[in-house]
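Heads up: the structure comes next, in structure tokens.
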Amino acid sequence: MELTPEVLLSAYMQGIFPMAHDDGRIHWFSPQPRAILPLDGLRVSQSLRRVLHHGPFEVRFDTAFEQVIAACAAPAPGREETWINAEIIEAYNRLHRLGFAHSVESWVGEELVGGLYGVSIRGFFAGESMFSRRRDASKVALYHLVQRLRARNFRLLDVQYTTPHLIRLGAVEVPRRVYLALLRQALAVESDFG
């Protein structure tokens with residue numbers, strides 16, 4: 001099945017998302033349980049708070065989407081392969097041009113040092129992947145994502161699967177039925193990531 005914008009948006013609205021396997025084929029997932037980051041539950045450590053107030057990062061939105069997704073797809077220490085292949089990159093770049101996929105970027109001067117990207121539909125945001133080339137760069141991007149979502153009346157930040165990193169930041173797992181109820185509520189809300 002081709003990853004057209006219509007297919008992708010329909011899948012997200014049903015609680016399903018794609019990932020590429022090692023063989024390059026796209027598989028569809030709806031995890032049980034599902035990981036979310038409650039928008040009022042982001043844990044900000046003292047050290048991250050200091051970085052947010054005194055750190056070197058400037059945060060921008062949607063100025064380098066293609067660079068962010070390419071960086072998320074690139075091998076990194078401890079992550080030699082990712083689920084983001086050329087087909088995924090092309091599909092999400094199309095979603096970005098249509099206004100449904102967004103990036104949050106951490107910059108030091110004119111160097112992109114971290115960030116994340118995801119999909120936004122009404123009051124729902126699906127965080128897809130993040131990367132960091134400098135300590136705390138992706139955490140700073142996530143902090144600013146949560147602030148933007150809260151300010152724009154979003155209701156659900158889907159992070160798909162828990163990782164130790166996301167758990168430390170406040171991610172929790174919920175049963176699929178609970179997730180789907182939260183998704184329905186979020187999709188009923190008029191919000192715009194803009």
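A Cβ-based charge dipole, computed about the Cα centre of the chain with Lys and Arg at +1 and Asp and Glu at -1, lands at about 920 debye. Considering only I69, G114, V7, the residue lying farthest towards the positive end of the dipole of the chain is G114, judged by Cα position with unit charges set on Cβ.
Among the trypsin sites (Lys or Arg not before Pro) found in segment 1-110, those both in a DSSP coil and sparsely packed, with 14 or fewer other Cβ atoms within 10 Å of their Cβ, are R25, R43. Take the convex hull of the alpha carbons in segment 54-176; its mean projected area over all directions comes to 8.2 nm². Shown here for segment 134-179: chymotrypsin sites (Phe, Trp or Tyr not before Pro) in loop regions (DSSP other than H, G, I, E, B) with at most 14 other Cβ atoms within 10 Å, namely Y161.
Taking G170, G55, G109 in turn, the Gaussian network model of the chain (Cα-Cα springs below 10 Å) assigns the largest fluctuation to G109. Near L157, once Lys and Arg are set to +1 and Asp and Glu to -1 for all other residues with Cβ below 14 Å from its Cβ, the sum equals +3. A Gaussian network model of the chain, with springs between Cα atoms under 10 Å, assigns the largest mean-square fluctuation among D158, D23, D62 to D23.
For the chain, which span is the longest to avoid every loop-located (per DSSP) member of GluC sites (Glu not before Pro) having at most 15 other Cβ atoms inside 10 Å? The answer is 111-189. A straight line joining the Cα centroids of segment 53-113 and segment 155-176 runs 20 Å.
Where a number appears in this text, it was derived from the coordinates with a stated rule and is not lab data. Keep in mind it's a predicted model, so treat the numbers as computed, not measured. A quick note on method: Cβ atoms are made from the backbone with ideal geometry, for glycine too, and the neighbour counts reach across all protein chains shown.
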